[in-house]
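The values are calculated or read from the model by the stated rules, or taken from the named source; none is laboratory data. Here the structure is a predicted model, which means the values were calculated and not measured. FYI the Cβ positions are ideal-geometry reconstructions off the backbone, even for glycines, and counts take in every protein chain you see. The protein model used for the area step is the full one, side chains on, heavy atoms only, and it has no ligands, DNA or RNA in it. Shrake-Rupley method; radii C 1.70, N 1.55, O 1.52, S 1.80 Å.
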Amino acid sequence: DGVVVPEKVKSNNLDVKIPESELEAEEKGAEEEHPRESDSNILDVSSDYPRDKHISIQRHLADLEKLADLREDERKPCPLCPEEKFKACYSHKLHRHLQNLHWKVSVEFEGYRMCICHLSCRPVKPNLVGDQSLSKMGAHYHCIICSATIVRRTDMIGHVNRHVNKGETESRFITVRAPKSSYKVVKESATDVQVLPNHSTPQKTDSYFNPKMKLNRQLIFCALAVLAEERKPIECLDAFGATGIMGLQWAKHLRSSVKVTINDCNENSVTMIKENCHLNKMKVKLNIREEDNDEAGGNGENSDTIEVTKMDANVIMHLRSYDFIHLDPFGTSVNYLDSAFRNVRNLGIVSLTSTDISSLYAKAQHVALRHYGCNIVRTEYYKELAARAVIAAVTRAAARCNKGIEVLLAVALEHFVLVVVRVLRGPTPADDSAKKVRYLIHCQWCEERVFQKEGNMMEENPYQQLPCDCHGSMPGKTAVLLGPLWSGALFNTGFLRRMLLEAVQYGLDEAQPLLKTLVCEAECTTLKHFSTHGPGDENKQEECGVYIKTPNTSAESYLVHGKRKSEEVLRGTAKRQRAEHSAEHPPFYYNIHRHSIKGMNMPKLNKFLNYLSEAGYRVSRTHFDPMGVRTNAPLAQFKAVLMKYSIPTYVGAQAEGSVHLPGEIHVEEEVPAVTEVKVEEAELAKDDKSGVVAATVFTQSYPTRCAAD
């Protein structure tokens, strides 16, 4: 029961005599001083910590001095230093040594001090210097919880904090629940959840909660609410529950329309999900057998009941079928796609959130090739490129299960890429979807792009497919082959409109502006001309300036009152929907800043959209890029319109001031002259590097301007 002294200390002829009565009295006093130690962040230290803790871990400096057995008339060695580092000395010098070298740099935890130790407890690498390496590199700390040896003090503090956050105690790594006093309650969309103090660090916590993903959760909720209007009730799965916030929002707002299952493979997360269910006054079903008993008991309890499971996500999706599945792992979700499409029901929805943006946004291209089998580079439209790469992986996973997909929504923002698809069962939809996965030809000079034509025959000159002539005017290879990527539409207009209606109904303020932008992007129209009014639609209502179909006139419902229609009716409905939305939006977009002309003031973005629309092209803004323009105009026409309505920098400065051009010269008349002069100036500057000739031509071309100056 006494304190164990290492062999190195015994070899120094250190006679450590600590009576057992003193230790028992000290432990009893510690228990009296901390009678409620279990209410702290770690369980009772005095009772749970092992008695044979290292001698460098003490409560008081006096305890450390007792180990040295200080006497005024005798020399004593330091109990925490080897003899070759610190020789035996008198009590006053040893006291200063223990206080300054060991006690002041200690790490405090629950009344204990983990002092720095210089004994040979930690193995060090051999050095050419020999024994001096022991004195220079042997300093370390002993963890009071796991007995690990750590060199740096800051690392030791972080090491102990990780134990506290994970609820680990003793030397056996027993995982325990952290006390409720250390929890933090977060409220989102009328749902309360308990989170750990380090909930925002995904690699150091079991239940990760990111407040920045609120928009993502609202979009998924709107998609589920639309599906709940089509069929009732629907079985939905949150495969990676963490805190359970998403599944709780589904059950709390949609009530009897959904049967929610929240799954997580971590025991701590499952326990927290159950507590959050009780916090929101929801009943918990633990397994499938209890589900049958609850259904036999009555339907009134199912509306406020959530099933919580502890399984691997692949296992639970293999065992059961669902109408709605959401995948939100930490990183990529490609490892779970095969299981998700294996048992998902026909016309169900699979949504997945990918947070591995470093690979999807072409910062780690080798990782994108490994995970998605896709070759990508950094382009001006890299976010849409990421969304199409994820959909291509989803398409291939669905095709392996003889299922096709219809993309309902694809969003790529700063922190995540969200893809929502509807599942179409059968080999024919699978083949149709697989045909839309193609390669992309991307010009690295002007960033023009075009999807490769269908067919397996090799072309003699694939550069002919590009609208630009960079290959003829530039030396070497100018284009790169990207993909395979999804070449179809990224949005379903009718589904987005119903999502907007649900967002308005449930008061999801953050999702409404984005959904309006997505609807305009899906139709490739500006918000000014955005309208759903048509000759065949009589009963419509206006929400937030947008005309939306009411639920009574929704012709896109696949199921009526929970009863499924026949396969022929379902196929007819799907064909009618494809015919209504046959006009797909043009792929990709152009960044107006990327193609601006040097020395010219380009027009405002909204005005430029009107100019392109007046020129006869379809045009809209895009959520992928705030300065992006989605249009079916070729890049050459895009630049021509941008050049036509851009104003030279010096003319714009004079137009804003009080000085005006003399005579009858107007800005509109000078714009083409400026273009000719800039081209001529550049050519002459190439031939004559001194630039004298170019300056002369530039001066002669502006006699009126020079005279005015």
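Quick one: is G472 without any contact (Cβ under 8 Å) to a residue 24 or more places away in the chain, on the phi > 0 side of the Ramachandran plot and either open to solvent by 30 Å² or more (accessible area, probe 1.4 Å) or over 36 Å from the mean Cα position of the chain (by Cα) (or both)? Talk me through it step by step, then tell me what you get.
Values: without any contact (Cβ under 8 Å) to a residue 24 or more places away in the chain: yes; on the phi > 0 side of the Ramachandran plot: no; either open to solvent by 30 Å² or more (accessible area, probe 1.4 Å) or over 36 Å from the mean Cα position of the chain (by Cα) (or both): yes.
Criteria not met by G472.
Just one of S133, S171 is over 18 Å from E110 (Cα atoms), small (G, A, S) and at pLDDT below 50; which is it?
On the way: S171 fails: over 18 Å from E110 (Cα atoms).
Exactly one of S133, S171 is over 18 Å from E110 (Cα atoms), small (G, A, S) and at pLDDT below 50, namely S133.
Can you pull out every residue in the range 457-477 that is in a loop (DSSP other than H, G, I, E, B) and touching a Ser or Thr at 6+ places or on another chain (Cβ under 9 Å)?
Our first condition is that a residue be in a loop (DSSP other than H, G, I, E, B); within the range 457-477, this holds for 457-461, 466-469, 474-477.
Those that are in a loop (DSSP other than H, G, I, E, B) and touching a Ser or Thr at 6+ places or on another chain (Cβ under 9 Å): L466, C468.
Are any of the residues in the range 499-509 in the same structural domain as L224 (by the TED database) and touching a residue at least 60 places away in the same chain (Cβ under 8 Å)? Lay out the reasoning, then the answer.
Taking the range 499-509 as the starting set, the residues that turn out to be in the same structural domain as L224 (by the TED database) are none.
No, the range 499-509 contains no residue that is in the same structural domain as L224 (by the TED database) and touching a residue at least 60 places away in the same chain (Cβ under 8 Å).
Taking the stated definitions as given, is V480 assigned to a strand (DSSP E or B) and within 26 Å of the chain's Cα centre (by Cα)?
On the way: assigned to a strand (DSSP E or B): yes; within 26 Å of the chain's Cα centre (by Cα): no.
Spelling it out, it is not the case that V480 is assigned to a strand (DSSP E or B) and within 26 Å of the chain's Cα centre (by Cα).
Hey, could you check the range 366-388 for residues that are of a type in the set (S, T, Y) and in a helix (DSSP H, G or I) and say which is farthest from D625 (Cα to Cα)? Even if it seems obvious, please write down each step before you answer.
Taking the range 366-388 and keeping what is of a type in the set (S, T, Y), we get 372, 379, 381-382.
Filter once more, so that each one left must be in a helix (DSSP H, G or I): 372, 382.
Details: Y372: 23, Y382: 10 Å.
My answer is Y372.
Are any residues in the range 272-297 assigned to a helix (DSSP H, G or I), open to solvent by 10 Å² or more (accessible area, probe 1.4 Å) and at pLDDT 90 or above, and if so, which ones?
Correct list: K274, E275, H278, L279.
Table: residues versus (1) at pLDDT below 85; (2) open to solvent by less than 60 Å² (accessible area, probe 1.4 Å); (3) under 27 Å from N335 (Cα atoms); (4) hydrophobic (A, V, I, L, M, F, W, C).
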{"position": "T175", "(1), (2), (3), (4)": "yes, no, no, no"}
{"position": "P179", "(1), (2), (3), (4)": "yes, yes, no, no"}
{"position": "V185", "(1), (2), (3), (4)": "no, no, no, yes"}
{"position": "Q203", "(1), (2), (3), (4)": "yes, no, yes, no"}
{"position": "D206", "(1), (2), (3), (4)": "yes, yes, yes, no"}
{"position": "N210", "(1), (2), (3), (4)": "no, yes, yes, no"}
{"position": "Q218", "(1), (2), (3), (4)": "no, yes, yes, no"}
{"position": "E230", "(1), (2), (3), (4)": "no, yes, no, no"}
{"position": "G241", "(1), (2), (3), (4)": "no, yes, yes, no"}
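Would you point out the residue of the range 609-630, among those that are open to solvent by 10 Å² or more (accessible area, probe 1.4 Å), in contact (Cβ under 8 Å) with a residue 24 or more places away in the chain and not in a loop (DSSP other than H, G, I, E, B), that is nearest to L385 (Cα to Cα)?
Looking at the filtered set, the residue picked out is R621.
Does A398 satisfy the criteria of being outside any strand (DSSP E or B), over 24 Å from the mean Cα position of the chain (by Cα) and among the aliphatic types (A, V, I, L, M)?
So A398 does not fit the description; no.
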